[in-house]
Amino acid sequence: MATADKAAAAVPVDQLSYTEASRELDGIVDFFEQREVDVDVLVTRLERATALIDELDKRLRQTRAQVEELVPRLESLAAETTTGSSTGGRGDDDDE
């Protein structure tokens, strides 16, 4: 395995940024698209690719769940703001 491969594989996938993990996965895909694949690193790269895919998928699922939770809250706040502005948005300050 090349020195860059060893350095990349030494970093646990959960410590990589999404972009770093995605780039590393792209590099592994490029490796497999070569005409001749080095059998000595085949399994190692497949294992790393699998770990990267699992981590990227996990992050996407977590992000989707967060978005699905936050969007209704944002819509609710927007509706409250719209409702509040139609009444002048002043609340108890009308007594002045």
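The values are calculated or read from the model by the stated rules, or taken from the named source; none is laboratory data. No experiment lies behind these values; they were computed from the predicted model shown. We place every Cβ from the backbone using ideal geometry, glycine too, and count neighbours over all the protein chains shown. Keep in mind that these areas ignore ligands, DNA and RNA; they rest on the heavy atoms of the full protein, side chains included. Shrake-Rupley method; radii C 1.70, N 1.55, O 1.52, S 1.80 Å.
Miscellaneous remarks
- Some residue of segment 4-15 being modelled with pLDDT under 95, more than 22 Å from Arg59 (Cβ to Cβ), over 18 Å from the mean Cα position of the chain (by Cα) and not in a helix (DSSP H, G or I): no
- Segment 16-33 - residue that is modelled with pLDDT under 95 and farther than 13 Å from Arg48 by Cβ and, of those, least open to solvent (accessible area, probe 1.4 Å): Asp30
- Looking only at segment 34-68, and only at residues there that are loosely packed, with under 10 Cβ neighbours inside 10 Å and at pLDDT 90 or above, the one that is nearest to Pro12 (Cα to Cα): Val43
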